Each structure stands twice: as structure tokens, then as C-alpha cells.
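Please read the structure below before turning to the comments.
The values are calculated or read from the model by the stated rules, or taken from the named source; none is laboratory data. Values in this document were obtained by computation on a predicted structure and should not be read as measured data. Neighbour counts are summed over all protein chains in view; Cβ atoms, including those assigned to glycine, are modelled from backbone coordinates with ideal geometry. Ligands, DNA and RNA are excluded from the accessible area calculation, which covers all protein heavy atoms including side chains. Shrake-Rupley method; radii C 1.70, N 1.55, O 1.52, S 1.80 Å.
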Amino acid sequence: MSRAVRFDRYGDVDVLHVTDVEDPQAGPGQVQVTVRAAGVNPGEVPIREGAYEQQWPSTFPSGQGSDFAGVVSALGPDVTAPSVGTEVIGWSDERGGQAELVVVPAAQVVPKPPEVPWEVAGGLYVAGGTAVGVVDAVAPHQGETVVVSGAAGGVGVMAVQLARRDGADVIGIASAANADWLSAHGVRPVPYGDGLAERLHEAAPGGLDAWIDLYGGGYLDLAASLGVPPERTATIIDFGAAEKTGAQVVYGSNTPGAAALTLLAGLIAGGELDVPVAAAYPLDQVRAAYTELAKRHTRGKIVLVP
């Protein structure tokens, strides 16, 4: 037996619990991984609350979580790589990441470089893949000015750095508490709140070329009012505003897979990408982890450590 996060009905954090389950067994094409860290992501909340029941219904009892990193502990009968004992980063499409053991297709894990800490690796796939996808969607070029709203969140901390790697001048909208971190990573911080449009005019008097919205709450309307072309605007959260303004929508489930994960892990290992971990909670404290996530003021990722 091993332990895993479960919920037996839709609801708030109180429906989450950790329970003993039968160890998942690796079948054909699959690997079993002993999890060392697992990510906590905003998109898991509406699934657990039942908001996406039509698109992604839950079968109860339901597991939770996509991101994980750990050590390969068993192989399916036809799998030869990766070998048992390999440290890997991966993802589950079956809501199984938040557990002591997870089974996934072998194609859904990549080697974890030793330089990448477990807590960073465990929360990398969803936020990192989304960051790659949303930056690719607006395609920043050398010398262009790109705004990122929600610039210090789990996706934002990577998106701003990836846009900088593409040569863009990046303006990060975030709280004043995150200004020093953004500045240290070559991003020009601008605090949110009243007067934001004026502050952006001052920061970029020549205009804005692209906008990445990672927060919602009216930022797509602001981007449109500031003349950012809709085809150079993308959101991961404000679907209604995107339909109205013509902005692109980037869904986490449609973002790059193993190739992006390998790229991100290599950048982290080489010191070219900094991924802060806001907090690491024991698996038993899954409710506390999601309570913290709901505050929307964390810098970087929140992870669970089985």
C-alpha cells in the first residue's frame, strides 16, 4: 500500500484527504515512479470544485495532480528505458501526481539533471509547459516590449525569463514585494492597481508589442485599450475576455510536452532559468497547500513532498 491524495465528491479544500491505496502497477508502455515532489496548480481547483464537470468529469474517488518528479521504481513488461533508479521529471494525465507512487507512460518522463532540486522538478511540467506555450504564442522578438501580468506567479516567473531569452524588453506587472526579484532577472517591474495604464505609458512611451496575461481580471481589455494587437496578446485564464478581444488562448493541456520539459530542465541545470519555490508542504498538508495557492500572492511554485 502507498498514500495518495483523493477526493470523493466535488467541493472546497475540505474534500481533500490523503489515504492508503493499492500500489499502482506499471503495465505495457508504462513506468512506476516513486514520487519525491509533486506540483500544486490553479487549474486543479475548478476540476475539484466541479466547475469543469462537463469537460473533465471526475470518477470518484478521484486522484489529483499532474506534475511530479521522482525515481523510476518499476518498468512495464515491454519498457527498456528509462531504467529503474533513474531520476525523472514527468506528468500524469490521470490525476495521479500527488501520491507516493505514480504510473505513467514512459514517454511522459524525462531525465532529471542532478542540478535541478526535487522541489523545482516536481512542479515544473504544468507551469513550465504553459510558460513555453504562452511565450511561443506571442513570439517576442529582439527589442520588442512585452508585458506580462501575473509576472511573479508559478507561470510568470518562467514566462518573463523565457521572453527575456528571446531578446524582449519585459515589463512585469506584480506586487511591489516582487519588484526586486523581477529587477534581478532583467524584468522591469510595474505595480498593479489604480493608474496602471499611466505607469505603462511611462514605462513604454513607444508602445507595447505583445502582452501575456497570466492573471485575468481585465488585463486583456487593458491590453486592447493600449493598442496591443490581439494576435500578439495571449491569456491562460480569461477565456471570456479573449473571445471579446480576439486574444489567443493558451490551454495548459495543449502546451508542449516532453521536449519543453527537457528544455526547461536543461536551462535550470545550466543556471539560465531560475524557478523559485514559494512553499513545500508534506503530502498530508495538501489542504494547506491549496489554501495558500488561493491567496494568489506566492512567488513561484507550491509543491507537495510525499
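Structure above, values below:
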| item | result |
| --- | --- |
| Failed criterion for E243 (all others in (1) of a type outside the set (S, T, Y); (2) within 20 Å of D136 (Cα to Cα); (3) in contact with a Phe, Trp or Tyr (Cβ under 9 Å, 6 or more places away or on another chain) hold) | (3) |
| G193 being free of Cβ contacts under 8 Å to residues at least 12 places away in the same chain and part of a loop (DSSP other than H, G, I, E, B) | yes |
| Candidates K295, K301, filtered to the one that is open to solvent by 50 Å² or more (accessible area, probe 1.4 Å), at negative phi and at pLDDT below 95 | K295 |
| Only listed residue being of a type in the set (A, V, I, L, M, F, W, C), on the phi > 0 side of the Ramachandran plot and in contact with a strand residue (DSSP E or B) (Cβ under 9 Å, 6 or more places away or on another chain), chosen from A139, A163, A151 | A139 |
| Those residues of the range 275-284 which are closer than 19 Å to S66 by Cβ and either among the basic types (K, R) or in a helix (DSSP H, G or I) (or both), in sequence order | L283 |
| Failed condition for E272, given (1) in contact (Cβ under 8 Å) with a residue 12 or more places away in the chain; (2) in a helix (DSSP H, G or I) | (2) |
| Within the range 104-172, helices (runs of 4 or more DSSP H) holding 3 or more residues that are β-branched (V, I, T) and open to solvent by less than 10 Å² (accessible area, probe 1.4 Å) | 125-138 |
| Residue that is assigned to a loop (DSSP other than H, G, I, E, B) and either open to solvent by 50 Å² or more (accessible area, probe 1.4 Å) or not small (G, A, S) (or both), where the choices are L220, L208, L200, L263 | L208 |
| Residue match in the range 287-303 (condition: part of a helix (DSSP H, G or I) and within 30 Å of A204 (Cβ to Cβ)) | no |
| Test result for A280, in contact with a Ser or Thr (Cβ under 6 Å, 6 or more places away or on another chain), over 18 Å from E144 (Cα atoms), of a type in the set (A, V, I, L, M) and at pLDDT 95 or above | no |
| Residue tally, condition hydrophobic (A, V, I, L, M, F, W, C) and either assigned to a loop (DSSP other than H, G, I, E, B) or touching a residue at least 60 places away in the same chain (Cβ under 8 Å) (or both), over the range 51-93 | 8 |
| Criterion: within 20 Å of A163 (Cα to Cα), of a type outside the set (D, E), in contact with an Asp or Glu (Cβ under 9 Å, 6 or more places away or on another chain) and surrounded by 14 or more Cβ atoms within 10 Å (Cβ to Cβ) - qualifying residue of T235, T245 | T235 |
| Enumeration of residues in the range 173-191 that are farther than 30 Å from L261 by Cβ and surrounded by fewer than 17 Cβ atoms within 10 Å (Cβ to Cβ) | A176, P191 |
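Residue-wise test of (1) surrounded by 23 or more Cβ atoms within 10 Å (Cβ to Cβ); (2) modelled with pLDDT of 95 or more; (3) closer than 28 Å to G156 by Cα.
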position	(1), (2), (3)
H17	no, yes, no
V21	no, yes, no
G29	no, yes, no
V40	yes, yes, yes
G43	no, no, yes
W56	no, no, yes
T59	no, no, no
F68	yes, yes, yes
